[in-house]
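J.: Let me give you the structure first, and then I'll get to my questions.
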Amino acid sequence: MKPAAKSRTVALLGDDAVKRLENSRVAVVGLGGVGGHVLETLARSGVGSLVLIDGDDVDESNLNRQIIATADNVGMPKAHAAKQRVLSINPLADVEEISERLTEGNVARLIPEDTDYIADCIDSLKDKVALIKYAVEKGIPVISACGAGNRSQLCDFKICDVYKTQYDPLARKLRSMLKTAGVSKLDVCYTTELPQKTGGVASVAYNPALCGIKIGGYIVLKLSKIDIEK
């Protein structure tokens, strides 16, 4: 990031922390409502290398909540739209776009082993578990997003171990699958607000954004080696 663009971050976090961010690589898997805001936070915080993974294209239905989606890029691969956004913020960033859906069969190919952190913003539980297992096996820190949809009230998102979550149906299913997979702990971002019954998956702009910013900020603090207040 250019000096003027990072000056206020340096003033708050310190030069050493900002240098750590510039020398870090983060993979963001899933670039939707949550993942897009994770990415926005990482890009504006000066993370130097980003791997962006999503197999979907921008759709008109994304415009209500996904920060990378605009009327001008509907139909564009999300990974490409996300890369364009990052470079419009930080032209010096090293950005790899991967327009593929991450699965158990390709996770080892898509995620570099020298990745410093993974933001798991995948909707599919099966693919989520495949990513988490790979991260654990390779010793790569990972944090996973739980449910942000079907909630209309402003949610208080928290970060804790998945085995300590309450009232989140997605986290409950994820716990069960992780036990079977032999994963004993995992940082997740979740809310205790129960989802509404909508007959599908409904969403508004603010809760995916709140969840994504919380995850992005957590990763920034971890990479900066700044103590996190619980």
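J.: Is it true that Leu42 is within 11 Å of the chain's Cα centre (by Cα), part of a helix (DSSP H, G or I) and not small (Gly, Ala, Ser)? Talk me through it step by step, then tell me what you get.
T.: Details: within 11 Å of the chain's Cα centre (by Cα): yes; part of a helix (DSSP H, G or I): yes; not small (Gly, Ala, Ser): yes.
Yes, satisfied.
J.: Of the conditions (1) surrounded by 12 or more Cβ atoms within 10 Å (Cβ to Cβ); (2) touching a helix residue (DSSP H, G or I) at 6+ places or on another chain (Cβ under 8 Å); (3) without any contact (Cβ under 8 Å) to a residue 60 or more places away in the chain, Ala145 fails just one. Which one is it?
T.: Of (1) surrounded by 12 or more Cβ atoms within 10 Å (Cβ to Cβ); (2) touching a helix residue (DSSP H, G or I) at 6+ places or on another chain (Cβ under 8 Å); (3) without any contact (Cβ under 8 Å) to a residue 60 or more places away in the chain, only one is false for Ala145: (3).
J.: Only residues that are part of a helix (DSSP H, G or I), of a type outside the set (A, V, I, L, M), touching a residue at least 24 places away in the same chain (Cβ under 8 Å) and within 16 Å of Leu131 (Cβ to Cβ): list them for the stretch 166-201, please. Steps first, please.
T.: Initially, the stretch 166-201 is screened for residues part of a helix (DSSP H, G or I), giving 169-181.
Restricting the remaining residues to those that are of a type outside the set (A, V, I, L, M) gives 169, 172-173, 175-176, 179-180.
Of the ones still in play, those that are also touching a residue at least 24 places away in the same chain (Cβ under 8 Å) are 169, 173.
Lys173 - this is the single residue of the stretch 166-201 that is part of a helix (DSSP H, G or I), of a type outside the set (A, V, I, L, M), touching a residue at least 24 places away in the same chain (Cβ under 8 Å) and within 16 Å of Leu131 (Cβ to Cβ).
J.: Say we look at the stretch 207-230 and pick out the residues that are farther than 11 Å from Phe157 by Cβ and in contact (Cβ under 8 Å) with a residue 24 or more places away in the chain; which of these is surrounded by the fewest Cβ atoms within 10 Å (Cβ to Cβ)? I'd like the intermediate steps shown before the answer.
T.: Within the stretch 207-230, the subset farther than 11 Å from Phe157 by Cβ is 216, 219-230.
Now drop any that are not in contact (Cβ under 8 Å) with a residue 24 or more places away in the chain, which leaves 216, 219-220, 222-226.
Numbers: Gly216: 27, Ile219: 27, Val220: 24, Lys222: 17, Leu223: 22, Ser224: 20, Lys225: 9, Ile226: 15.
Top of the filtered list is Lys225.
J.: To continue, here is another question. Go through the stretch 191-230 and give me each residue that's of a type in the set (S, T, N, Q) and within 16 Å of Thr9 (Cβ to Cβ).
T.: First, the residues of the stretch 191-230 that are of a type in the set (S, T, N, Q): 191-192, 196, 198, 203, 207, 224.
If the condition is that a residue be of a type in the set (S, T, N, Q) and within 16 Å of Thr9 (Cβ to Cβ), then Ser224 is the only one that fits.
J.: Part of a helix (DSSP H, G or I) and crowded, with 22+ Cβ neighbours inside 10 Å - does that describe any residue in the stretch 2-17? Write out each step before concluding.
T.: Here is the first cut: in the stretch 2-17, the ones part of a helix (DSSP H, G or I) are 3-13, 15-17.
Now restrict to residues that are crowded, with 22+ Cβ neighbours inside 10 Å: none.
No, the conditions are met nowhere in the stretch 2-17.
J.: I've got another one for you. Of everything in the stretch 46-79, what is of a type in the set (A, V, I, L, M), touching a Ser or Thr at 6+ places or on another chain (Cβ under 9 Å), farther than 11 Å from Gly35 by Cβ and part of a strand (DSSP E or B)? Give them in sequence order.
T.: Within the stretch 46-79, just Val51 meets the criteria.
J.: Mind telling me which of the residues Gly14, Gly46, Gly75 ends up being farther than 22 Å from Asn150 by Cα, in contact with a helix residue (DSSP H, G or I) (Cβ under 7 Å, 6 or more places away or on another chain) and of a type in the set (Gly, Ala, Ser)? Don't jump to the end; show me each part of the working.
T.: Values: Gly14 fails: in contact with a helix residue (DSSP H, G or I) (Cβ under 7 Å, 6 or more places away or on another chain); Gly75 fails: in contact with a helix residue (DSSP H, G or I) (Cβ under 7 Å, 6 or more places away or on another chain).
It is Gly46.
J.: Looking for whichever is of a type outside the set (Ser, Thr, Tyr), touching a residue at least 40 places away in the same chain (Cβ under 8 Å) and surrounded by fewer than 21 Cβ atoms within 10 Å (Cβ to Cβ) here; the options are Glu104, Glu100. Which one fits? Before you say what the answer is, go through the steps one by one.
T.: On the way: Glu104 fails: touching a residue at least 40 places away in the same chain (Cβ under 8 Å).
When all the criteria are applied, what remains is Glu100.
The numbers here are math on the coordinates, done by the rules we state, and not lab data. Worth saying up front: this structure is predicted, and the values here are computed from it rather than measured. All Cβ positions, even for glycine, are placed from backbone atoms using ideal geometry, and neighbour counts span all protein chains on display.
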